[in-house]
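This report concerns only the one structure given below.
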Amino acid sequence: QVRFVQSGGGPVQPGGSLRLSCTVSGINFRICDMAWYRQAPGKQRELVAGITSSGKTDYAEAVKGRFTISRDNAWMRTTLQMNNLNADDTAVYYCKIDNRRDSWGQGTPVTVSS
């Protein structure tokens, strides 16, 4: 059984930073393409960043230059470093195994507000 443990969300002021982590168990993490998605209130869930099993990354235009996705295969973890946050980044953030059907983390809220 695949399990996710997400951590690191919470409230932050505009311009601040947060680091989200997602630890996965029950699967060979090394072959997983990982991604972070987010869903803001009243909006559809959208891709934020992805990292393939080989380490190739891609980002949504809205977060390029501000967010960094990484992975640590030894710890079976993917991390999303978010800098220079703004109100538009307010959402629930989900990690996902992108090459596995319906494999989502539980979500962690991020609220950017002064």
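So here's what we get for this one:
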{"item": "Flag for VAL92 being in contact with a Leu (Cβ under 7 Å, 6 or more places away or on another chain), modelled with pLDDT of 95 or more, part of a strand (DSSP E or B) and hydrophobic (A, V, I, L, M, F, W, C)", "result": "no"}
{"item": "Residue, nearest to ARG77 (Cα to Cα), within segment 5-31, restricted to residues that are of a type in the set (A, V, I, L, M) and touching a Leu at 6+ places or on another chain (Cβ under 6 Å)", "result": "LEU20"}
{"item": "Contacts under 7 angstrom Cβ, first residue in segment 48-73 being farther than 20 Å from THR23 by Cβ and modelled with pLDDT of 95 or more, partner surrounded by 15 or more Cβ atoms within 10 Å (Cβ to Cβ) and of a type in the set (Phe, Trp, Tyr), 6 or more apart", "result": "TYR59/PHE67"}
{"item": "Selection count where residues are part of a loop (DSSP other than H, G, I, E, B) and either closer than 19 Å to GLU61 by Cβ or hydrophobic (A, V, I, L, M, F, W, C) (or both), scope segment 95-114", "result": "1"}
{"item": "Check on THR78, part of a strand (DSSP E or B), more than 13 Å from CYS22 (Cβ to Cβ) and either of a type in the set (Val, Ile, Thr) or in contact with a His (Cβ under 6 Å, 6 or more places away or on another chain) (or both)", "result": "no"}
{"item": "Selected residue [open to solvent by 50 Å² or more (accessible area, probe 1.4 Å), of a type in the set (A, V, I, L, M) and either outside any loop (DSSP other than H, G, I, E, B) or touching a Phe, Trp or Tyr at 6+ places or on another chain (Cβ under 9 Å) (or both)] from ALA35, ALA62, ALA49", "result": "ALA62"}
{"item": "Which numbered condition GLY9 fails, given (1) surrounded by 16 or more Cβ atoms within 10 Å (Cβ to Cβ); (2) under 15 Å from GLN106 (Cα atoms); (3) at pLDDT 95 or above", "result": "(3)"}
{"item": "Condition met for PRO14 (part of a loop (DSSP other than H, G, I, E, B) and open to solvent by 80 Å² or more (accessible area, probe 1.4 Å))", "result": "no"}
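The values are calculated or read from the model by the stated rules, or taken from the named source; none is laboratory data. Note that this is a predicted model, so its numbers are computed, not measured. Methodologically, a virtual Cβ is constructed for each residue, glycine included, from the backbone with ideal geometry; neighbour enumeration extends over all protein chains shown. Protein only, heavy atoms only, side chains kept; ligands, DNA and RNA dropped before computing areas. Shrake-Rupley method; radii C 1.70, N 1.55, O 1.52, S 1.80 Å.
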